[in-house]
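Shown next, in structure tokens, is the structure this report addresses.
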Amino acid sequence: MAPFLIECRTRLPADEAWRRLTDWKRHAAYVPLTRITVTTPPPSGTGTRFTARTRLGPLAVDDLMEVVRWQPPSADAPGRCRLEKRGRAITGWAEIEVYGAGAGARARWTEELRVRGMPRALDAPTAWAGRLVFGRVVRRLLDA
């Protein structure tokens, strides 16, 4: 597994930061070569499934995900969402946490990513790439 962590502060209130970070289709605007299709009806919550398809020419990889925990932020508790990656090529999980922080919020994205068939020796570069890509996604979603 290639674990990585992203933490970000925003001036947005926790409920708006949560809404933006869990708007699955919007993620595709900031992930190169990727389109996201939500395969379950709205609203998002436990059981929501979606696919992030990354395509480069004739090659495509599907990252199938399902929301297995959904707890939006409240006045006295942080928001928590857990995604399980259930694809043939990409497995692992991601957790999104949103905490109220004064007039704004703090977001934390933790992920363990595994690409089947990739040697463990490439876990560190995979984690580095994950931090780079998802750090950009989190920052842009919270700045948008």
> Counting pairs of alpha carbon atoms under 8 Å apart in space and at least six apart in sequence, what relative contact order in percent does the chain give?
Replying inline: 31 percent
> When the helix-only estimate is applied to the chain (DSSP H runs of n ≥ 4, each -39,500 (n - 2.57), divided by the residue count), what is the mean residue ellipticity at 222 nm, nearest 500 deg cm²/dmol?
Replying inline: -7000 deg cm²/dmol
> Roughly what would the spin-label model give for R136 and L56, points 7 Å off Cα along C-beta, in nm?
Replying inline: 1.3 nm
> What's the extension gain from E7 to V68 if we count 0.36 nm per residue and subtract their Cα-Cα distance?
Replying inline: 19.8 nm
>> Could you report the chain's accessible area per residue, 1.4 Å probe, as an integer in Å²?
In response: 56 Å²
>> Probe radius 1.4 Å, ligands and nucleic acids ignored: give me the carbon and sulfur share of the accessible area of the range 78-127 as a rounded percent.
In response: 53 percent
> Calculated from the structure, Rg/Rh (Cα atoms, Kirkwood Rh) equals which of (1) 1.41; (2) 0.96; (3) 1.06?
Replying inline: (2)
> Expressed as a rounded percentage, what relative contact order does the range 62-107 have, with Cα pairs under 8 Å and six or more residues apart?
Replying inline: 32 percent
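The values are calculated or read from the model by the stated rules, or taken from the named source; none is laboratory data. Here the structure is a predicted model, which is why all the values come from computation and not from measurement. A quick note on method: Cβ atoms are made from the backbone with ideal geometry, for glycine too, and the neighbour counts reach across all protein chains shown. To get the accessible areas, we keep the full protein, side chains included, count just its heavy atoms, and leave off ligands, DNA and RNA. Shrake-Rupley method; radii C 1.70, N 1.55, O 1.52, S 1.80 Å.
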